[in-house]
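Report on the structure given below.
Where a number appears in this text, it was derived from the coordinates with a stated rule and is not lab data. The structure displayed is predicted, hence computed values, not measured ones. Here the Cβ is made from the backbone with ideal geometry for all residues, glycine too, and neighbour counts use every protein chain on show.
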Amino acid sequence: MENSFTEKNGVSRRGFLSSTVAAAGMSTLAVDLTSSTATAATNIASADIKNLPRVKQELVAPPFFPKHDQIAKGGPKIVEIRMVIDEKIMVLDDEGAEIWALTYNGSVPGPMVVVHQDDYVELTLVNPATNAMEHNIDFHASTGALGGGGLTHVSPGEETVLRFKATKAGVFVYHCAPGGAMIPYHVTHGMNGALMVLPRDGLKDKAGKQIKYDRAYYIGEQDYYLAKDEEDEYITYETAGEDYADSMDVMATLTPSHIVFNGAMGALTGDNSLKAKVGETVLIVHSQANRDTRPHMIGGHGDHVWSTGSFSDDPQTGLETWFIAGGAAGAATYTFLQPGVYAYVNHNLIEAVLKGATAHFVVEGEWNNDLMKQVKKPSPIK
Ligand SMILES: [Cu+2]
């Protein structure tokens, strides 16, 4: 890849980037899949699909969820969503480290999408002419054609529409996967998000009892690989894609410069803290498109946890810390029992504190002395 970068360095940025993608090999695979899918498609259910009701889902920026029903009303639907790709500068920390982020709808992570099992997701993916790069989308919730990645390559100035059936219940990552080294490059520049496929009759515990949530938050964990100059300062760039060679060098070390929640350090702390009240049940969906992680609610628990993200499996209960594999999303519910500030962290505490993977929940309500009481304030030893 580095050779192709050097060789193509003289041509225009857009030309260089698509050449780099073509050189990567994966995109050849994607093209083959596109044509074979188109010709071999039997379209067994197209008549039925035509008769399904259509609804538009207004996507919102994380940590918030779009409006949705926890239990499906009626039969399967086509849920129309629209994502516009935005290549933009994002500031990642207090020191002003910045990146040309590659985003779905302008946020890192991209927006949460919510449907019910057997609904159809119909995505319009728009790549405005003002962007520099080709992009696509691979939905881990979907089946076939590289998760739709083979059918959704859009160059700047193009849009495409992909429809897939959400056959599996759970929470799933989606991400850009243009081909070869551009796959990790785009994913580690923020181009990923999550989609929740609820069972039609909602979430259940292992006894089959309904689990309802009062609030839902989406936390997308992001590892970035920013390069530094000889003075130990983060390098800045004029355009998206210009950091490609430097980024590849840092990525090869497997050592992120930043590991953050929702795009930047502090995106979910201070004024941006997540809110809840004592007695409320909060659903937390946590995704990591590239790297393993281990969420922990300091001072709380995971009451019900779908660590692998599959709602077809019984949730685990009463967990202190749970594992989310790189390339996956997981879900957890917690009913807050005490007021206060809870740090929700990736419990590799170096990653939480030094790299940025920390969020805060600010919970209002009455303190319960039965659960915890300071029996004696810290004072001199008698
Ligand atoms: Cu992309």
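Observations on the structure shown:
- For the stretch 257-331, applying the loop criterion from DSSP together with a ceiling of 14 other beta carbons within 10 Å to the chymotrypsin sites (Phe, Trp or Tyr not before Pro) yields PHE323.
- Of all beta bridges that DSSP places with both ends in the stretch 217-364, some 75 percent have antiparallel geometry.
- Square roots of 5 times each gyration tensor eigenvalue, C-alpha, the stretch 79-200, largest first, Å: 24, 16, 12
- Most to least packed among 180-191, 74-85 [average Cβ atoms within 10 Å]: 180-191, 74-85
- Each 5 Å bin from zero up to the one holding the largest Cα-Cα distance in the stretch 271-355 carries the following percent of pairs: 3, 15, 25, 25, 19, 10, 3, 0.
- Sorted by Cβ density within 10 Å, fewest first, the residues THR253, THR143: THR253, THR143
- Calculated FRET efficiency for the pair LYS228/GLU58, C-beta based, R₀ 30 Å, to 0.05: 0.15
- When both the stretch 151-230 and the stretch 56-80 are represented by their alpha-carbon centers, they are found 15 Å apart.
- Ellipsoid semi-axes for the stretch 217-364, based on the Cα gyration tensor and the rule √(5λ), read 31, 17, 12 Å when sorted largest first.
- Ranked by how many other beta carbons lie within 10 Å on average, peptides 347-360, 127-140 from highest: 127-140, 347-360
- Sorted into 10 angstrom bins from 0, the C-alpha pair distances of the chain split as 5, 23, 31, 24, 12, 4, 1, 0, 0 percent.
- Extension reserve of the SER379-LYS73 stretch, reckoned as 0.36 nm per residue once the Cα distance is removed: 104.3 nm
- Compactness check for the stretch 151-285: Cα Rg over 2.2 N^0.38 Å is 1.36.
- Sparse-neighbour loop sites [GluC sites (Glu not before Pro); the stretch 239-332; at most 12 other C-beta within 10 Å; DSSP]: GLU320
- Only Lys, Arg, Asp and Glu carry charge here, each on its Cβ (+1 for the first two, -1 for the last two); on that basis the chain has a dipole of about 1780 debye about its Cα centre.
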